[in-house]
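Visitor: Sharing a structure with you now.
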Ligand code: ADP
Ligand code: ZN
């Protein structure tokens with residue numbers, strides 16, 4: 001009926017002149033019946049990598065995706081192009097499901113989107129066995145990685161596919177790209193023999209900036225007013241409450257903002273999401289429940305008011321900015337409280353020791369990115385096992401405003417001695433606030449109550465400000481020279497603390513610039 005030449009399909013159906021990057025090689029591999037593992041950043045064009053082969057090969061391309069909320073939109077968009085697409089997931093009623101099943105069996109579908117949990121249902125497997133399958137595409141394939149940040153148990157079922165359908169090619173796609181995740185995906189999906197396609201993960205149009213957090217909402221407002229007035233963007237917050245408060249705060253300041261989190265009614269979520277996609281210049285305040293699979297090209301900034309749990313998460317979330325290739329900002333405000341909170345969440349959370357160690361490693365890598373004095377982009381790319389084009393990218397805060405470091409050995413000694421004396425002389429532990437008050441020699445009621453003015457370290461730190469001490473504390477904790485624990489998140493020694501307290505280890509610290517780096521270009525507004 002119609003041609004099975006990939007280029008012809010690309011032009012006729014999708015209206016594009018040429019494949020991008022690895023797309024052509026991937027399409028040829030899969031169309032020819034081979035397996036592929038595709039690692040491509042968000043916005044790289046993963047969809048065409050399975051859509052074109054699905055049209056080029058006889059039968060239906062079955063796409064496994066966890067993004068149930070987007071399936072209707074994806075299918076509508078494909079139908080608008082004349083592609084015969086359908087989906088099966090839990091949002092449908094029995095009639096809709098039956099209709100799709102009939103279309104599939106009659107060979108009337110080019111693409112069938114499927115939620116992974118459908119494969120748990122024996123009837124679905126039998127249905128698939130009765131039809132003709134062109135290929136299996138496994139989208140968001142990192143969801144199979146058990147220790148990754150997005151694990152979905154149902155993805156483990158996908159290792160059954162090659163057993164039941166040994167002759168059907170499979171293509172797994174993800175925007176997450178560490179070597180560890182890639183290896184785990186290949187093993188769990190039995191794709192060790194697949195050809196791997198790894199695109200560059202650099203997003204040169206995104207400017208990375210990480211600032212010390214003091215008044216996060218005010219800092220955010222300043223960013224939006226000075227650089228992103230009228231722009232669409234996403235503001236990520238850790239908690240639902242903070243999402244709502246931030247949305248209210250921005251609205252009160254005259255910025256059109258909407259909330260999005262899993263605690264909102266499904267209809268409200270759907271409405272807010274579709275407004276964000278449809279209207280110009282809306283700011284979405286959201287938990288990380290928002291964003292996966294969202295294809296809005298002109299998101300001009302992604303701001304994080306809380307620390308992401310991993311570099312993978314940070315990269316994916318910031319990657320939602322600037323898909324159109326235009327200059328965009330990835331901005332993160334982070335402080336000591338973030339480190340304390342995340343460490344506590346790991347300690348109090350579920351999972352065995354191995355799991356917690358894994359989470360702690362993810363957090364440490366994120367902290368290292370925050371505390372680096374080197375180019376953020378270079379560090380990010382190295383984390384994903386890729387070689388940066390240059391040591392300095394010229395489009396991140398540390399490149400635009402080089403960060404100087406200072407010898408914080410003595411400051412670290414003062415902090416550590418304070419924590420040590422509280423423990424040794426008083427058998428007490430305190431949080432950052434009290435330790436800073438002691439260093440600054442402040443006679444607060446709490447100081448008087450505990451007679452902390454009688455400690456020999458009282459007032460030994462008047463050379464630095466309150467904010468500067470908090471920056472020191474944050475960096476000590478981020479580097480593991482000090483830790484936080486217990487119900488009250490008190491400061492405690494680590495194995496590395498004694499040597500640093502004795503001054504045996506030189507401690508170089510970041511000097512926090514007074515203001516966040518400004519870009520040299522000027523954007524409207
Ligand atoms: P990903 O899934 O990797 O995030 P998408 O498949 O959603 O990326 O593609 C991102 C955008 O790039 C889409 O708007 C898509 O239409 C566009 N695109 C993809 N491939 C091409 C191409 N070869 N030529 C032009 N535009 C493309
Ligand atoms: Zn840089």
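The values are calculated or read from the model by the stated rules, or taken from the named source; none is laboratory data. Note that this is a predicted model, so its numbers are computed, not measured. Cβ sites come from the backbone with ideal geometry, for glycine too, and all protein chains shown count toward neighbours.
Visitor: Take residue 124 and tell me if it is in contact (Cβ under 8 Å) with a residue 12 or more places away in the chain, part of a loop (DSSP other than H, G, I, E, B) and more than 16 Å from ligand 2 (Cβ to nearest atom).
Guide: Working: in contact (Cβ under 8 Å) with a residue 12 or more places away in the chain: yes; part of a loop (DSSP other than H, G, I, E, B): no; more than 16 Å from ligand 2 (Cβ to nearest atom): yes.
No, not satisfied.
Visitor: Still on this structure, please answer the following. Show the residue pairs meeting these rules: Cβ distance below 7 Å; 6+ apart or different chains; first residue within region 394-417 and under 12 Å from residue 376 (Cα atoms) and modelled with pLDDT under 95; second residue outside any helix (DSSP H, G or I) and within 16 Å of ligand 1 (Cβ to nearest atom).
Guide: Here the result reads none, with nothing in region 394-417 linked to a residue that is outside any helix (DSSP H, G or I) and within 16 Å of ligand 1 (Cβ to nearest atom).
Visitor: With 38, 27 as the choices, which residue is surrounded by 21 or more Cβ atoms within 10 Å (Cβ to Cβ), within 14 Å of ligand 1 (Cβ to nearest atom), under 24 Å from the mean Cα position of the chain (by Cα) and at pLDDT 95 or above?
Guide: Values: 27 fails: under 24 Å from the mean Cα position of the chain (by Cα).
Answer to the selection: 38.
Visitor: May I ask you to verify whether residue 87 is within 30 Å of residue 315 (Cα to Cα), more than 16 Å from ligand 1 (Cβ to nearest atom) and without any contact (Cβ under 8 Å) to a residue 60 or more places away in the chain? Quick ask: steps written out before the conclusion?
Guide: Numbers: within 30 Å of residue 315 (Cα to Cα): yes; more than 16 Å from ligand 1 (Cβ to nearest atom): yes; without any contact (Cβ under 8 Å) to a residue 60 or more places away in the chain: yes.
So residue 87 fits the description; yes.
Visitor: Examine region 9-26 for a residue that is closer than 30 Å to residue 153 by Cα and in contact with a helix residue (DSSP H, G or I) (Cβ under 7 Å, 6 or more places away or on another chain), and state whether such a residue exists.
Guide: Checked against the condition, which is being closer than 30 Å to residue 153 by Cα and in contact with a helix residue (DSSP H, G or I) (Cβ under 7 Å, 6 or more places away or on another chain), region 9-26 yields at least one hit.
Visitor: Among the listed residues 381, 369, 359, 363, identify the single one that is part of a helix (DSSP H, G or I), within 15 Å of ligand 2 (Cβ to nearest atom), in contact (Cβ under 8 Å) with a residue 40 or more places away in the chain and out of contact with any strand residue (DSSP E or B) (no Cβ under 8 Å at 6 or more places or on another chain). Talk me through it step by step, then tell me what you get.
Guide: Details: 369 fails: out of contact with any strand residue (DSSP E or B) (no Cβ under 8 Å at 6 or more places or on another chain); 359 fails: within 15 Å of ligand 2 (Cβ to nearest atom); 363 fails: within 15 Å of ligand 2 (Cβ to nearest atom).
Being part of a helix (DSSP H, G or I), within 15 Å of ligand 2 (Cβ to nearest atom), in contact (Cβ under 8 Å) with a residue 40 or more places away in the chain and out of contact with any strand residue (DSSP E or B) (no Cβ under 8 Å at 6 or more places or on another chain) holds for just one of 381, 369, 359, 363, which is 381.
Visitor: Which condition number in (1) touching a helix residue (DSSP H, G or I) at 6+ places or on another chain (Cβ under 9 Å); (2) over 20 Å from residue 213 (Cα atoms); (3) assigned to a helix (DSSP H, G or I) is the one that residue 387 fails?
Guide: (3)
Visitor: Let me ask you something else. When you go through 20, 12 one by one, which is the residue that is more than 10 Å from ligand 1 (Cβ to nearest atom), surrounded by fewer than 24 Cβ atoms within 10 Å (Cβ to Cβ) and farther than 19 Å from residue 141 by Cα?
Guide: Answer to the selection: 12.
Visitor: Only one of these is free of Cβ contacts under 8 Å to residues at least 40 places away in the same chain and assigned to a helix (DSSP H, G or I): 463, 425. Name it.
Guide: 425
Visitor: Still on this structure: Of the conditions (1) over 28 Å from residue 178 (Cβ atoms); (2) surrounded by fewer than 20 Cβ atoms within 10 Å (Cβ to Cβ), residue 60 clears all except one; give me its number.
Guide: So residue 60 meets the others, but not (2).
Visitor: Quick one: in region 428-438, which of the residues that are in contact with a strand residue (DSSP E or B) (Cβ under 9 Å, 6 or more places away or on another chain) and in contact (Cβ under 8 Å) with a residue 24 or more places away in the chain is surrounded by the most Cβ atoms within 10 Å (Cβ to Cβ)?
Guide: Out of the qualifying residues, it is 435.
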